[in-house]
Amino acid sequence: MLQLNNICTSFNKGTIDEMELFKQFNFEVKKGEFISIVGSNGSGKTTLLNLICGTMSPDSGSIIFKGDDITKMSEHRRAKFIGRVFQDPKLGTCSNLTVLENFALADNKNKTFGLTGAVSKKRIDYYREKLSHCNMGLEDRLNTPVGSLSGGQRQAIALVISGMTEVDMLILDEHTAALDPKSSETIMEITDKLVKENDMTAVMVTHNLRFATQYGNRLVMMHNGEAIMDKKAEEKEQTKVEDILHLFNEISIECGN
């Protein structure tokens, strides 16, 4: 589904702080994969997501999506087929709008503008049904401004909305990092259910090693712009948190930490 071919990416080009992160980096995502990506700060996790979503462009190399070269395609055009849930719950929803209005916005994504009503009353029961699966009582708060909800509730809404839109790939950018432990568990359960029920292809960056081993069917560890571990299928299922910690410790010793 997605190939990053011979990607080179530098930061602070032309300055004394210039640093090349990706050097002829190659990465492939196959349809139906749910990939958990872990790694220390500066390892390339977020840069990888930004390259996929179009937030940044590579210095060289190509990005191929479903056979099409999207290397120079803008972020907003990629958003039609690549969904992204951010670490900050505020970024995935509109604070001043109600839950109902946020869902109506998602329903009208990629549609032409007209003079019809933005909120369709025929869809309200559908929204309630979708929200009821979150077990947060959100189905009874359709007229509540999203800005007054908790971070976990807002993230749940962002996830449900991402499942409504017809995207080919879902990007999860440390989407539980800003939440309390209980909310994080709930959001991961919702995420797992969403990906499985919709047969979605998903790429998740997380600092939670337990989530990385528990969820998904592929596990990747990044370090210095390289994928130093890539476990799939049964090998991934057999990987324990202790195995990842052991590798982290080896990296820390090499880096002098």
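The values are calculated or read from the model by the stated rules, or taken from the named source; none is laboratory data. None of the values given here were measured: they were computed from a predicted structure. Cβ coordinates were reconstructed from backbone atoms using ideal geometry, including for glycine residues, and neighbour counts include every protein chain displayed. Remember, those area values only see protein heavy atoms, side chains included, never the ligands or the DNA or RNA. Shrake-Rupley method; radii C 1.70, N 1.55, O 1.52, S 1.80 Å.
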- Message: To the nearest 20 Debye, how big is the dipole of the chain about its Cα centre, given +1 on the beta carbon of each Lys and Arg and -1 on that of each Asp and Glu?
- Response: 980
- How much net charge surrounds Lys23 when only other residues with a Cβ under 11 Å from its Cβ are counted (Lys, Arg +1; Asp, Glu -1)? -3
- Task: Pop out the carbon and sulfur fraction of the accessible area of segment 1-99 as a percent, whole number, probe 1.4 Å.
- Result: 47
- Query: GNM, the chain, Cα, under 10 Å: largest mean-square fluctuation among Asn12, Asn26, Asn198?
  - Reply: Asn12
- Using alpha carbons only, how many degrees (0 to 90, rounded to 10) separate the axis of helix 241-254 from the longest principal axis of the chain? 50
- Note on the structure: Expressed to two decimals, the chain has a Cα Rg over Rh, using the Kirkwood radius, of 0.99
- Task: Would you mind telling me which residue in Ala104, Ala202, Ala212 has the biggest mean-square fluctuation in a Gaussian network model of the chain, where springs connect alpha carbons within a distance under 10 angstrom?
- Result: Ala104
- Near the amide H of Leu142, under 5 Å away, which other amide H atoms are found, from residues 5 or more places off or on another chain, if H is placed in the peptide plane? none
- Query: Taking the alpha-carbon centroid of each part, what is the distance from segment 194-231 to segment 44-79 in angstrom?
  - Reply: 19
- Message: Compute the helix-to-body angle for 151-164: its Cα long axis versus the longest principal axis of the chain, expressed 0 to 90° and rounded to tens.
- Response: 90
- Query: Looking only at Phe11, Phe25, Phe103, which one moves most when the chain is put into a Gaussian network model with springs between Cα atoms under 10 Å?
  - Reply: Phe11
- Query: Once the Cα gyration tensor of segment 1-153 is found, what semi-axes does its equivalent ellipsoid get, as square roots of 5 times the eigenvalues, in whole Å, sorted largest first?
  - Reply: 36, 18, 15
- May I ask you to evaluate 6.51 cos²θ - 1.76 cosθ + 1.60, the Karplus curve with θ = phi - 60°, for each residue of segment 69-75 and list the ³J(HN,Hα) values in order in whole Hz, giving x for glycine and proline? 7, 10, 3, 9, 6, 5, 4
- For the chain, the per residue accessible area (1.4 Å probe, Å²) is 52
- Projected onto their principal axes, the Cα atoms of segment 134-218 stretch, largest extent first, over whole-Å spans of 39, 29, 19
- Task: Run through the DSSP bridge list for the chain and note the antiparallel percent, rounded to the nearest 5.
- Result: 55
